[in-house]
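Can you read through this structure? Questions will come right after.
The values are calculated or read from the model by the stated rules, or taken from the named source; none is laboratory data. Predicted model, so just to flag it, every value in this text is computed and none were measured. Every residue, glycine among them, receives a Cβ derived from its backbone with ideal geometry; neighbour counts consider all protein chains shown. Accessible surface areas use protein heavy atoms only, side chains included; no ligands, DNA or RNA. Shrake-Rupley method; radii C 1.70, N 1.55, O 1.52, S 1.80 Å.
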Amino acid sequence: MGNDLFECLFGCRGFVAQKLGLPMVPPYFRDANCSNCRKFRKGVNFAVVGATALDNAYLARKGIINELTNVSLGVQLGLLKTLLPSLCSSSSGKYLQMLLFLPNNQKCTIVFNYMGQTGQEFINCPCNEFLKNSLILMGEIGGNEFNLAFIQGISTEVIGGLVPEVIKAISAAIGELIELGAMTFVVPGTIPLGCLPVLLTHFQTPNKQAYDRYGCLIWLNDFAHYYNEYLKKELESMRRLHPRINIIYADYYQASMPLYLSPRSYGFKSTLTACCGGEGPYNVNVTLSCGDPGTKSCDDPSSYVNWDGAHFTDVAHRVLLVIAAVPRSNSTKIQQDHLSNQPITENN
């Protein structure tokens, strides 16, 4: 999950920080024993490769096996609860810098200067106070359940039944964080699954009617749309239940579509082929991961939308953030600003 500014990241995290001119958010599991908790003053990223919203035991009962990790959203939430006392407890001497500026009249803040930028640091703030002024980025999480299920041949009936369960898990986590004092959340939807090289490889078909004009599988994108609509309805229900809480839906689907509709406008040459992978039309071998013997990487990742079949490249993530942050009426200007395939910096 994942705010001048404390940022809890469950699951385009570092790029959000870069865009705001903030330090990169450190990963929790690089120092899980918290030998230097001070680093987490700037925020913390709980994301793990292969993490799911639902725990592995539940998925196994559905016939879905996750061999990558058992760090589900619930586990990540538990880790945050364990970490909080070391960051905001008045007895620990360690406090957390938020990623959102507070009003100057807050009694528990002092002004500090970081890299020439004025900010504020919490001193003796109760945990609910700094969570109140935090941005919690919830994912994007939940997509791995579906990717695993699709690749492992789970029936569409079972996969469809996972949608409300995944969204229930996300909603429950938000509810727990609200109880702890959090008030601002960004909850991303899923991306166009039908454009992922790993799924395009697995469901490759000679039926041309199965693809849209950009080469993406229509039925998988329809599933992603169904999931996003379900998520938006749940978030709207939560807004009615918690009218004082800011719950923002991040439309990753619409934000990423321009990468496929007009890739050259953003400097991309390849949209549906993985930069790092195996072979075949999408450069993906579903039995191998990037870096395994037998895989190979492209020479210029910045010209690729997809990195390893399932994840965007760094440059694609940065473009996605830019698109998501700018009103759609300015989309032409965005394209003109990113005609080069050079890595996008926070000054672009």
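Might you check whether a residue that is open to solvent by 40 Å² or more (accessible area, probe 1.4 Å) and in a helix (DSSP H, G or I) occurs anywhere in region 264-281?
Yes, region 264-281 contains a residue that is open to solvent by 40 Å² or more (accessible area, probe 1.4 Å) and in a helix (DSSP H, G or I).
Quick one: in region 87-115, which of the residues that are buried (at least 17 other Cβ atoms within 10 Å of the Cβ) and among the hydroxyl-bearing types (S, T, Y) is modelled with the lowest pLDDT?
Across region 87-115, the extreme among qualifying residues is Y95.
Same structure again: Residues in region 140-150 that are over 12 Å from S72 (Cβ atoms) and within 13 Å of the chain's Cα centre (by Cα): how many? Let's see the steps before the verdict.
In the first step, residues of region 140-150 are kept if they are over 12 Å from S72 (Cβ atoms); the result is 140, 143, 146-150.
Restricting the remaining residues to those that are within 13 Å of the chain's Cα centre (by Cα) gives 140, 143.
The total comes to 2.
Here is a further query. Please return the ranges of helices (runs of 4 or more DSSP H) entirely within region 153-261 where 2 or more residues are closer than 14 Å to G143 by Cβ and hydrophobic (A, V, I, L, M, F, W, C).
On the way: elements: 156-180, 197-202, 218-241, 252-261.
By residue number, 156-180, 197-202, 218-241.
Then there's this: With the condition kept exactly as written, say whether any residue in region 289-301 is in contact with a strand residue (DSSP E or B) (Cβ under 7 Å, 6 or more places away or on another chain) and in a helix (DSSP H, G or I).
no
If you don't mind, there's one more thing I want to ask. For the structure I just gave you, tell me whether T190 is closer than 18 Å to F150 by Cβ and open to solvent by less than 30 Å² (accessible area, probe 1.4 Å).
Values: closer than 18 Å to F150 by Cβ: yes; open to solvent by less than 30 Å² (accessible area, probe 1.4 Å): yes.
So T190 passes the test.
Please work out if S297 is out of contact with any Pro (no Cβ under 7 Å at 6 or more places or on another chain), surrounded by 13 or more Cβ atoms within 10 Å (Cβ to Cβ) and at pLDDT 90 or above. Before the answer, list the steps.
Values: out of contact with any Pro (no Cβ under 7 Å at 6 or more places or on another chain): yes; surrounded by 13 or more Cβ atoms within 10 Å (Cβ to Cβ): yes; at pLDDT 90 or above: yes.
Yes; evaluated as a whole, the condition is true for this residue.
Right, next: Give the number of residues within region 302-326 that are open to solvent by less than 60 Å² (accessible area, probe 1.4 Å), under 21 Å from G194 (Cβ atoms) and part of a loop (DSSP other than H, G, I, E, B).
Number satisfying all stated conditions: 4.
For region 193-220, what are the residues that are open to solvent by less than 10 Å² (accessible area, probe 1.4 Å) and over 17 Å from D308 (Cα atoms)? If you could, list the steps in order and put the result at the bottom.
Pass one, region 193-220, residues open to solvent by less than 10 Å² (accessible area, probe 1.4 Å): 193-197, 199-200, 216-217, 220.
Passing the criteria: L217, L220.
Same structure, new question: Filter region 121-172 for residues that are among the small types (G, A, S) and at pLDDT below 85 and give the result. I'd like the intermediate steps shown before the answer.
Step one: of region 121-172, the residues among the small types (G, A, S) are 134, 139, 142-143, 149, 153, 155, 160-161, 169, 171-172.
Matches in region 121-172: S134, G139.
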